[in-house]
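The values are calculated or read from the model by the stated rules, or taken from the named source; none is laboratory data. If you're wondering where the values come from, they're calculated on a predicted model, not measured in any experiment. Glycine gets a Cβ as well: all are built from the backbone with ideal geometry, and neighbour counts include every protein chain shown. Surface areas here come from the heavy atoms of the whole protein model, side chains and all, with no ligands, DNA or RNA. Shrake-Rupley method; radii C 1.70, N 1.55, O 1.52, S 1.80 Å.
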Amino acid sequence: MPPEKDKASSEFWRALEAERYDISYRKSVRAPEIQYKIKTLTKVPERLKKVYFHAGRYSAGDRDQTAIDAHYAMEKLEG
């Protein structure tokens, strides 16, 4: 092997090992990747909660009149 090729190979391996043992990423403080959004909750009316509850029962297979009415009311609300 020619000496210049051996030297280039040796430098390559030194650079590779230096990159392998590089821990500078641990020392830097990174910006958080997650952006939190604070949202104020609105109070949902009890009538609407009941409609969604009984419509969910209809979706689960219940076919009593309350569930049927709630299902149609929810379809009307959501378009």
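For Met74, the conditions (1) over 31 Å from the mean Cα position of the chain (by Cα); (2) assigned to a helix (DSSP H, G or I) all hold with the exception of (1).
Whenever a residue of the stretch 19-47 is hydrophobic (A, V, I, L, M, F, W, C), its partners that are surrounded by 10 or more Cβ atoms within 10 Å (Cβ to Cβ), lying with C-beta atoms within less than 9 angstrom and at least six residues away or across chains, give the pairs Val44/Tyr52.
Within the stretch 20-34, not a single residue is within 30 Å of Asp69 (Cα to Cα) and either assigned to a helix (DSSP H, G or I) or not aliphatic (A, V, I, L, M) (or both).
The conditions of being β-branched (Val, Ile, Thr) and surrounded by 10 or more Cβ atoms within 10 Å (Cβ to Cβ) are met by Ile68.
In the stretch 4-58, the residue that is nearest to Glu78 (Cα to Cα) out of those that are open to solvent by less than 100 Å² (accessible area, probe 1.4 Å) and of a type in the set (Phe, Trp, Tyr) is Tyr52. The test for being out of contact with any strand residue (DSSP E or B) (no Cβ under 7 Å at 6 or more places or on another chain), modelled with pLDDT under 95, open to solvent by less than 70 Å² (accessible area, probe 1.4 Å) and not β-branched (Val, Ile, Thr) does not hold for Met1.
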